[in-house]
Structure formats: C-alpha cells, structure tokens
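J.: Can you keep this structure in mind? I'll have questions shortly.
Every read-out reported here was derived from the displayed coordinates using simple, explicitly stated rules and does not represent laboratory data. Please read all numbers here as calculations on a predicted model, not as lab measurements. Ideal geometry is used to build each Cβ from the backbone, glycine not excepted, and the neighbour counts take in all protein chains shown.
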C-alpha cells in the first residue's frame, strides 16, 4: 500500500493588520484606520456640541480661533456662546517642521477669560504654541477646545475623539491650475485608505 501523500503546505499567514492604536514611527501619530468626511450639517452639530460643553464648564470672554482650520469652528462657537471672536495664525513649514506664530493673539485677551479653538489636535504642538502666545498677554484664564481630538494631547474641551483621517468641508476642494479639484493630500489619503 503506497504511503499517503503529505498534506499540501499551507501558505504563510498574512501579516497582522495594523491596529489603529499603532503609531507611525516617523510622526508618532496613530495611523488612521478610516476616513471621516465631514459635511456642513455634521460640522454644525460638532460646533453646537463643543459650544455646549464649553458653556457648561467655562465662561470665556473671548474666543480665539487658530488660523486656518480653527478659525471656522472658533467663529461658530463664539457666535453660539455670544462672545467676542478673534484669530491668530500659526503655520508649519512644508516639510512638517515646527509650528511658528505668524500673527499673534490680539491684546484684548489681557485680563480676560480666553478659549483657544482649533479644528483638530494631535501632538499638541500648535495648541501649546498658541497657549504660550496667549499667556504672554496675561489673560485671567485660558482653556483649549477642538472639534476632533486625534492624538495624545488632551485639550480642555473636544466634541469627538477619533483615529480617522478627517476631511473638512471648507478645504475639501481647492483651485489648482484654474480648476476646482479635490485637495491632493485628501485624494491621496482616500486612495491609500480605500475610501
């Protein structure tokens, strides 16, 4: 009687999927596990939720939006709270370098309760820079708020915590070579994540 043939070799198991909590070795940020495309109605709900959280625990005199992404939710939150609004501008170099203040907060923050608003917060580098700039003007108090908490930095207030890559409604499309197109980095991330 012939010997039984050995069972066919099974293929090697696929590599384990990356868990959303795994960090990107280069940036230290959690790898996004999906895409969150924010539309205008959802954005409005996020601003209302954020304003309500702030209202319940803090009474700012002035809201400062960090340009560019934080200006829009900051202005909406300030309007809902019926508070003064101003902005400050912080930028990063194209190579992802350290943030830098290019237009500081207004002097009206001196002696007043201040809320600094940005759209997202990952490492906290931008928010920490904004906090330092505001504190130099000696406010009575200062707190931070974001629509989306996306990393380890914990602002005082946030509407939603997510590991998803976020596409915002106001900068989803840009003009390139005279044409309105999806922002190239958004398009690339959608392709990468299969969205």
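J.: Quick check: pseudo-label points 7 Å beyond the Cα along Cα→Cβ at residue 140 and residue 52, how many nm apart are they?
T.: 2.6 nm
J.: Can you list the residues of segment 52-79 with backbone N under 13 Å from a point 7 Å past the Cα of residue 170, pointing along Cα to Cβ?
T.: 64-79
J.: Using 0.36 nm times the number of residues separating residue 42 and residue 128, minus their current alpha carbon distance, what extension gain do you get?
T.: Result: 28.2 nm gained on full extension.
J.: First check a/c for segment 145-187, with a ≥ b ≥ c the square roots of the eigenvalues of its C-alpha gyration tensor; if it is under 1.5, answer rounded, and if not, answer prolate when a/b is larger than b/c or oblate otherwise.
T.: Prolate is the answer for segment 145-187, as a/c is 1.5 or above and a/b outweighs b/c.
J.: With the Cα gyration tensor of segment 35-165 in hand, give its eigenvalues times 5 under a square root as the equivalent ellipsoid semi-axes, listed largest first in whole angstrom.
T.: Listed largest to smallest, the semi-axes of segment 35-165 are 21, 19, 12 Å.
J.: Oh, and also: Over segment 35-165, what is the relative contact order in percent, taking alpha-carbon pairs closer than 8 angstrom and at least six residues apart?
T.: RCO, segment 35-165: 24 percent.
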